[in-house]
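The values are calculated or read from the model by the stated rules, or taken from the named source; none is laboratory data. Since the model is a prediction, treat every value here as computed from it, not as a measurement. In this analysis, Cβ positions are derived from the backbone assuming ideal geometry, glycine residues included, and neighbour counts consider all displayed protein chains.
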Amino acid sequence: MKLTRPEEECGIFGIYNHPEAANLTYLGLYALQHRGQESCGIVSSDGSSLHYHKNMGLVADVFGNQDIFKQLPGKNAIGHVRYSTTGSSIMKNVQPIMVDYSRGSIAVAHNGNIVNAQLIKDELEAWGSIFQTTMDTEILVHLLAMSKESSLVDRLTEALNRVEGAYCLLLLTETRMVAVRDPNGFRPLCLGKLGDSYVVASESCALDLIEAKLVREIEPGEIVVIDKDGVTSYFPFKKVQPTPCVFEFVYFARPDSYIFGKNVYTVRKELGRQLARENKLDADIVVPVPDSGVPAALGYAQESGLEFEFGLMRNHYVGRTFIEPQQSIRHFGVKIKLNPVRDILKGKRVVVIDDSIVRGTTSRKIIKMLRSAGAKEVHALISSPPTSFPCYYGIDTPTRKELISSSHSIDEIRRYITADSLAYLSEEGLMNAVGAAKQTYCRACFSGGYPVKFPILGNEPQLGLFGTE
Ligand code: AMP
């Protein structure tokens, strides 16, 4: 059995010592829904055993019935939201994973992607291990169970010393909650406090919702154990230069969150300002692609002095799936989500701003939409450099050949998306905007420089490693 796909973008949330642990975890997951819409789950602990509920679907659907919380008793809980993937038997991959082993019960929720997962899995299977899911996270559970170390932290350290890649983890045992951020610190993870309860979340926006205070971010390479004695911190791994993911700032994290020491909205606006410094355009209005392009377009408008207008309206109630009509009116995907405001656009020279171009299909459709609404010129600006390389650390980007900028020049992309002009933010501009002088970021999706090397082929990211590529 092959792993079907890397563990994709996800969100994790956990709370220790609260009478309504499962309920607050539900709210936390609600705030993290943007990090994963395919499935979700919560595991709670009542001090002597673990209880779980998980399913495919959005948080509000999976936990829509109040009775579910009666099945999730206890003062400690962790939860997970998982991003959309195209696997076949995906129900079994819903997290948190929960197992009983010789030392009791444990549940694990994981955000990130372990790049040497297949290698370890092959080895474990050769020794007789039987895997129940196709997730890289399950490898961790096996490694934990096999460890001869006596303390949980030592077992965890031994297991994690074998894995490479990106992981933010939340573990729940009968009596403890443990949070881990990998030594590179690819994904965000923060610690909060709500009265006498401790909270851990992928992003601070989840703390805001439950009125918890942000205490600090969990450091790269840190293991945080939360139990009846409070919070204990360990740094058992070899120190490396942290490389948090810059794409979290560009697209993925929620603008109201604080990650890697900064507010996402402020950074995105600065990306837009930088874009304006690099690209002065003769135009009438600046229009964001909602919602991903909004802060950058605001920054661009403020720096350039051009008028900011919501020339595209977004329907916020579009579910993950909708029934496509028959052939006659097919391929209208983007129209379901966005509609142009004709009065604003008619006769105007429009600067349209989005955070990134992946395959190019969204930009192409949007530009067509703007023109058919009467825009005289459409200039596309992107608030990040060309996305030319896949992510192997937990962001769901397609394979290299599907990334339009991996095989096309900027002018070829401009022609494909039918823009009058197209410009991307420079890598230098991106680094200036995120303040990279103080911090190194992973920007492999732009530069191809992967900070954690790939096994098997040595230094090359290996397409096909997980079966679907
Ligand atoms: P595309 O049509 O493939 O070029 O997709 C571009 C759009 O996808 C942009 O509006 C981005 O905001 C959005 N986007 C960028 N990266 C991702 C991602 N990893 N997952 C989902 N959407 C993304």
**Message:** Criterion first (in the same structural domain as Pro288 (by TED's automatic domain parsing), under 25 Å from the mean Cα position of the chain (by Cα) and within 9 Å of the ligand (Cβ to nearest atom)) does Arg400 satisfy it?
**Reply:** no
**Message:** Among the residues of the range 402-413, are any within 26 Å of Gly36 (Cβ to Cβ) and modelled with pLDDT under 90?
**Reply:** yes
**Item:** Every pair of residues 6+ apart whose Cβ atoms lie under 7 Å, when the first sits in the range 1-18 and is of a type in the set (Ser, Thr, Tyr) while the second is at pLDDT 65 or above
**Value:** Thr4/Thr134; Tyr16/Asn76; Tyr16/Met177; Tyr16/Ser197; Tyr16/Tyr198; Tyr16/Ile226
**Asked** Within the range 91-99, is even one residue under 24 Å from Lys228 (Cα atoms), in contact (Cβ under 8 Å) with a residue 12 or more places away in the chain and not in a strand (DSSP E or B)?
**Response** yes
**Request:** Report those helices (runs of 4 or more DSSP H) wholly inside the range 271-387 carrying at least 2 residues which are modelled with pLDDT of 95 or more, away from the ligand (no atom under 15 Å from the Cβ) and surrounded by 15 or more Cβ atoms within 10 Å (Cβ to Cβ).
**Result:** 294-304, 342-345
**Prompt:** Quick one: which of Cys168, Cys205 is touching a Gly at 6+ places or on another chain (Cβ under 8 Å) and touching a residue at least 40 places away in the same chain (Cβ under 8 Å)?
**Reply:** Cys168
